[in-house]
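Some notes on the structure that comes next.
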Amino acid sequence: MANMSNLVLDVVLIFGCGYGVAGAAAATTASQWFAAIGLVVLLIRQGRLDVGHLRRRPTWAKMSPLLSAGAAISLRSISGLCAVAWATTSVANMGAHEMAAHEILRQTWLFCAVLLESLSIASQTLVASLLGKGNMVEAQQTVKRLLQIAGVVGLGAALLMWGSSPVLPFLMVSDPEVAVMASGMFPVVAVFLPLEAAMYVLDGTLLGARDTKYCAAAMMMAAISCATAVTVAVQLETGLVGIWLGIKVLSLSRILAASYRLTSRNSPLLPKTE
């Protein structure tokens, strides 16, 4: 519902009313409100939410764990966004053509990320459910199975992106120089998609196991590594290739951090030892 309303409002506000970027922002905001209201109504109808509960002041004992986890997840998200924002700023200083090509790559990458993020949601849900029941072994087996699925899905996404490189950029922009630049970069971005699919599974596993503090710390370190790699790429004047390889340091660092955690003695998938 949110995506459809966003799409319709984009067409109406951007092209119909001519509001441009402001119209796009308004469409996104309105669609998010529609989704929030729709979900609340659905929860009330299913009996999962009592309106009376919304009027009661929550106790600190109940709110503290939620606030702690929320702060960690927010820090994790902000760190990742800052790293990508630094890369985008670095590209903007290169010129208009590079920035346009970068935006084509970024939008295509985000589209693939939305597809792959479903793996994270699946791992969060399944791992949280199994750990809640105390099924540690089954949780470990589920993660292994999800990693196998991630390999297939990630490879499919990579082949799709690579195969569309001679066509898709030319459909997204009218400037042939920008299209050629973006087209040449598609394989560079595509080759990392299988690894990023595995990253989403591992990341979702840690979140499902409520290891939020480690996720936040790992993302901060990954963001610092990414920003450092991007800065080095700028100094070496490696162009878009260097910038995007720097962005991929973010994903690779997250994979290494999550893999280390899940295979260590402190893994949340292992029974706690006193």
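The values are calculated or read from the model by the stated rules, or taken from the named source; none is laboratory data. Treat the numbers as computed from the prediction; the structure is a model and nothing was measured. For neighbour counting, all protein chains shown are included, and Cβ atoms are generated from backbone atoms with ideal geometry for every residue, glycine included.
Of all residues being crowded, with 21+ Cβ neighbours inside 10 Å and under 16 Å from the mean Cα position of the chain (by Cα) in region 215-243, which is farthest from A85 (Cα to Cα)? Just the residue, please. So the residue we want is C215. With respect to (1) among the charged types (D, E, K, R); (2) in contact (Cβ under 8 Å) with a residue 24 or more places away in the chain; (3) touching a Leu at 6+ places or on another chain (Cβ under 9 Å), the lone exception for E117 is condition (3). For region 174-220, which positions are hydroxyl-bearing (S, T, Y) and out of contact with any Asp or Glu (no Cβ under 8 Å at 6 or more places or on another chain)? Hits for region 174-220 are S174, S183, T205, T212, Y214.
Look at region 86-102: where a residue is in the same structural domain as S174 (by TED's automatic domain parsing) and a partner is in a helix (DSSP H, G or I) and of a type outside the set (A, V, I, L, M, F, W, C), sitting 6+ places away or on another chain with Cβ atoms under 6 Å, you get V91/E98; V91/H102; H97/E177.
Residues of region 1-23 that are touching a helix residue (DSSP H, G or I) at 6+ places or on another chain (Cβ under 6 Å) and either among the aromatic types (F, W, Y) or part of a helix (DSSP H, G or I) (or both): A2, S5, N6, L9, D10, L13, I14, Y19, G23. Of all residues in region 34-66, those being farther than 27 Å from T212 by Cα and surrounded by 10 or more Cβ atoms within 10 Å (Cβ to Cβ) number 7. So, in region 57-104, of the ones that are in a helix (DSSP H, G or I) and basic (K, R), which residue ends up farthest from L207 (Cα to Cα)? Among residues in region 57-104 that are in a helix (DSSP H, G or I) and basic (K, R), the one farthest from L207 (Cα to Cα) is K62. Scanning region 101-145 for residues that are more than 15 Å from R210 (Cα to Cα), crowded, with 19+ Cβ neighbours inside 10 Å and small (G, A, S) yields a single hit, A101.
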